[in-house]
Amino acid sequence: MVTFLRRFSPLAQLLVAGLVARILLALVLPPGYDEAYYLFYGRHPNLSYLDHPVAVGVWSLVGNALGGSIVALRLPSLLSYTAALALLASATGRWFGPKAGLWSVAVGSLSPLLFACGGLLLLPDSPLLLVLAALMWWLSRHPLAVPSNARQAAGLGALLGLLTLCKYHSLLVLLALLGWSLANAERRAALAKPWPWLGVGVWAAVSSPLWIWNLQHHWASFLFHGGRTLGEHTYNLSGPPLFLLTQLLLLFPTIGLLLWASLLPQERTAANPQARQLLRCLALPILITFTLLSGRMQVLSSWLVPAWWLLLPLAGDWLARRPTPWPSGLAWSRTITLGLLPPLLALAAVQVRFGVLDRVLPPGMDTSNQLMPADSLRQALKSNPRVWAALSQADVIASRRYELPGFLALALNQHSRAAYTSFSGDPRGFTYWLPADGYRGARGVIFALEDPGHPEDRIEWPKEVGPLTPLGSVQLQRGGLPSVRLQFVGFGPLVQPLPGPPAP
């Protein structure tokens, strides 16, 4: 492999090596909770969704068309991240030189948080980072950041529209870009011309699926996300520092410190100060907003990924301006990163998939044993013929948690013709995907996870489906030890249709 890669340019070598490493991880890692849920986006194409715009649905649609296995679902992310890194290298090279471009790709390829969210798992960050990279590519070629002709306006408007269809974080990027344009007299004068307004029109047209869907559904997406910020009435002062510490660990400490260092003022001889200001202006609103929110609500680790991505050119430039081959004072960081990160990633992957450390880790320390690989779950289901027969014949399969039906959908694949739904306090998109008849007359199966800490606790099954028939349980194993246990009950035929989404 090393001899083969030497035939290519350094950039191509980095891109191919990173893609191969991510493919290997994609083959080993079981489905994540979010991936199991986003599987259904591709099975229910729509203009948008309750909790995300449409872009991740397009990625899921492609993965479903390729067979619907977990590796097929991840393939769009694997490829799009490679394209995003190539665009990142081009933009960084334009701003700070080719060497900085190579370093930015190296950092983006090594950081676990960045490549896992943007280039490995089926997550909204994958299309988001691709479009952000394309936006940086455009900005690197138009220093004023304001379109000056129809072609530039159409290009920028299309990119911003696609960005809006990726994730709601993009609205902070749009506001930051507008603030950047208004902060300088020359850029304010350029905004007074007609071309920026043409760009606004293109943005509105491209992003229209998000607005149309929300108009049709009483602005459910915005009410859903806005309500999450109002859930707590107190503020936890320890939340922000703990959240940032977690980010540092997930980025990998040496890489996290590098990205933080790129936010600091640089020496006056550093090239392209305007680009530095622009990148910081785009990244800081995301960093500040979600760090502050972490004291009030649960902020997912992936929510800062776009900010770190926007700082990669600055990190690449910082490294490129160090003496070569490496400054003696920083040799330890290179040794730690290249010496520890690959084996730690490999160990983490085989632990998540096979539980090689389960016999020595304290019980409950590693909750990844609750993930269900499709092949292991299929084998466990077949071990109970009654459960397997009921699932194979069901019209509807439901769970007590919205993120769980996807695991069964991946395991059953072609062995079931069932539709999937959820009975929980947070059903997410499933209530929007009900057919017009609400599954009236359907027969099905409901399953739930047993609480490993309290297996004797009785599971509360939904009452709206009528009488239930116990079917039995299924026990999964990981590393030779029990992991997840599932309980199954049958229902139907449904006399009353299931209710659709409530009015906000």
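Annotations for the structure displayed:
- Checked against the criteria, Ala389 does not count as buried (at least 22 other Cβ atoms within 10 Å of the Cβ) and modelled with pLDDT of 90 or more.
- Those helices (runs of 4 or more DSSP H) lying entirely in the stretch 1-115 with at least 3 residues over 15 Å from Ser126 (Cβ atoms): 2-5, 10-28, 33-43, 70-96, 98-110
- Filtering the stretch 185-199 to residues that are under 14 Å from His142 (Cβ atoms) and touching a helix residue (DSSP H, G or I) at 6+ places or on another chain (Cβ under 9 Å) leaves Arg187, Ala190, Leu191, Trp195, Pro196, Gly199.
- Remark: pairs (first residue in the stretch 132-157, in contact (Cβ under 8 Å) with a residue 60 or more places away in the chain; second residue assigned to a loop (DSSP other than H, G, I, E, B); Cβ separation under 6 Å; 6+ apart in sequence or on different chains) = Leu139/Ala145.
- Breaking point among (1) modelled with pLDDT of 95 or more; (2) surrounded by 19 or more Cβ atoms within 10 Å (Cβ to Cβ), for Leu50: (1)
- Boolean, Pro405 is closer than 23 Å to Leu113 by Cα, at pLDDT 95 or above and not polar (S, T, N, Q): no
- Where a residue in the stretch 473-502 is free of Cβ contacts under 8 Å to residues at least 12 places away in the same chain and in the same structural domain as Leu381 (by TED's automatic domain parsing) and its partner, wherever it lies, is surrounded by fewer than 19 Cβ atoms within 10 Å (Cβ to Cβ) and in a strand (DSSP E or B), with Cβ under 7 Å and at least six apart: Pro482/Gln475
- Selected residue [without any contact (Cβ under 8 Å) to a residue 24 or more places away in the chain and surrounded by fewer than 19 Cβ atoms within 10 Å (Cβ to Cβ)] from Gly67, Gly97: Gly67
- Criterion (modelled with pLDDT under 95, under 22 Å from Pro373 (Cβ atoms) and in a loop (DSSP other than H, G, I, E, B)) met by exactly one of Asp457, Asp451: Asp451
Rundown of residues vs (1) farther than 21 Å from Leu14 by Cβ; (2) in contact with a Leu (Cβ under 6 Å, 6 or more places away or on another chain); (3) touching a residue at least 12 places away in the same chain (Cβ under 8 Å), yes/no style:
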{"residue": "Met297", "(1), (2), (3)": "yes, no, yes"}
{"residue": "Ala315", "(1), (2), (3)": "no, yes, yes"}
{"residue": "Ala320", "(1), (2), (3)": "no, no, yes"}
{"residue": "Leu361", "(1), (2), (3)": "yes, no, no"}
{"residue": "Leu371", "(1), (2), (3)": "yes, no, yes"}
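- Verdict on Ala189 being exposed (fewer than 12 other Cβ atoms within 10 Å of the Cβ) and in a helix (DSSP H, G or I): yes
- Positions within the stretch 415-438 being charged (D, E, K, R), under 24 Å from the mean Cα position of the chain (by Cα) and part of a loop (DSSP other than H, G, I, E, B), in sequence order: Asp426
- Any hit, the stretch 27-41, residues being free of Cβ contacts under 8 Å to residues at least 40 places away in the same chain and among the β-branched types (Val, Ile, Thr): no
- Scanning the stretch 251-276 for residues that are without any contact (Cβ under 8 Å) to a residue 60 or more places away in the chain, over 23 Å from the mean Cα position of the chain (by Cα) and in a helix (DSSP H, G or I) returns Ala261, Pro273, Arg276.
- Hey, Leu410 in the same structural domain as Ala134 (by TED's automatic domain parsing), touching a residue at least 12 places away in the same chain (Cβ under 8 Å) and either under 21 Å from the mean Cα position of the chain (by Cα) or not in a helix (DSSP H, G or I) (or both) or not: no
- Restricting attention to the stretch 118-152, the residues being of a type in the set (Gly, Ala, Ser) and more than 30 Å from Leu50 (Cα to Cα) number 4.
- Scanning the stretch 192-217 for residues that are outside any helix (DSSP H, G or I), of a type in the set (A, V, I, L, M) and within 25 Å of Pro306 (Cα to Cα) turns up nothing.
- Ala150 vs. criteria modelled with pLDDT of 95 or more and either surrounded by fewer than 24 Cβ atoms within 10 Å (Cβ to Cβ) or over 16 Å from the mean Cα position of the chain (by Cα) (or both): no
The values are calculated or read from the model by the stated rules, or taken from the named source; none is laboratory data. Quantities reported herein were computed from a predicted structural model and do not represent experimental measurements. Neighbour counts run over all protein chains shown; Cβ positions are idealised from the backbone, glycine included.
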